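> Let me give you the structure first, and then I'll get to my questions.
The values are calculated or read from the model by the stated rules, or taken from the named source; none is laboratory data. What you see is a predicted model; the values in this text were computed from it and never measured. Here the Cβ positions follow ideal geometry from the backbone for every residue, glycine too, while neighbour counts run over all protein chains shown.
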Amino acid sequence: MKVFGWRRRLTPFDRKLTAILAICVFISFLLPLRQGIGARVLVERDGKVIYTADLDHDQQVELQGPLGVTVLQIEDHAARVISSPCPQKICIGLGKAKHSGDLLACVPNRLVIRIEGDEEKERGYDLLSR
C-alpha cells in the first residue's frame, strides 16, 4: 500500500497535537450552550445602572438617552430594543437577549442593556472574567 508523502512525515507528537487541537475546537463549540437563562435585565448609561427589571414580567420601558427615547420590550423572558432614535438601528437588528451575559448596545444613544442571571450576582463575575 502506498503511503502519501505528508503522512510519512507526521510524527507521533504531530498526531497528538492534532488530536488535542481537534478536542479544543470541539469543546469551544459546546461552551456557549452552557449559558443559563437570564433572570433580570440591567440598563446602563455612561457606566451607571439606570434601570433594572426582572425578565418574568412583560413590559415596555422608555429609556432616555442623549439622542432621544429608546424603547425596550421585555416579553417571553427576553429583552429587545424595538425603537431607537439612532441612525443605523443596529441595536434593533441585534434581536432578543435572553441568556445570562447577553448584551444589547445602542452606542449613539449611550445605552448598554445586559442580561444577568442569579448565579452571576452571587459569584460577582463580570463580562471579562467569565
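> Do you know which of the residues in the stretch 52-87 that are among the hydrophobic types (A, V, I, L, M, F, W, C) and not in a strand (DSSP E or B) is modelled with the lowest pLDDT? Explain how you work it out, then say what you get.
Keep residues of the stretch 52-87 that are among the hydrophobic types (A, V, I, L, M, F, W, C), which gives 53, 55, 61, 63, 67, 69, 71-72, 74, 78-79, 81-82, 86.
Among the residues that remain, those that are also not in a strand (DSSP E or B) are: 55, 67, 86.
On the way: LEU55: 88, LEU67: 92, CYS86: 91.
This residue is LEU55.
> Restricting attention to the stretch 61-76, which residues are of a type in the set (S, T, N, Q) and more than 17 Å from LEU94 (Cα to Cα)?
Step one: filter the stretch 61-76 for residues of a type in the set (S, T, N, Q), giving 64, 70, 73.
GLN64, the sole residue that qualifies.
> Moving on. Is it true that LEU42 is of a type in the set (A, V, I, L, M), touching a Phe, Trp or Tyr at 6+ places or on another chain (Cβ under 8 Å) and either within 14 Å of LEU103 (Cα to Cα) or not in a strand (DSSP E or B) (or both)?
So LEU42 passes the test.
> Another question about this same structure. Can you run down the residue pairs with Cβ atoms below 7 Å, 6 or more apart or on separate chains, where the first is in the stretch 97-119 and without any contact (Cβ under 8 Å) to a residue 40 or more places away in the chain and the partner is surrounded by fewer than 20 Cβ atoms within 10 Å (Cβ to Cβ) and among the hydrophobic types (A, V, I, L, M, F, W, C)?
Between residues of the stretch 97-119 that are without any contact (Cβ under 8 Å) to a residue 40 or more places away in the chain and residues that are surrounded by fewer than 20 Cβ atoms within 10 Å (Cβ to Cβ) and among the hydrophobic types (A, V, I, L, M, F, W, C), the close pairs are LEU103/VAL112; LEU104/LEU94; ALA105/VAL112.
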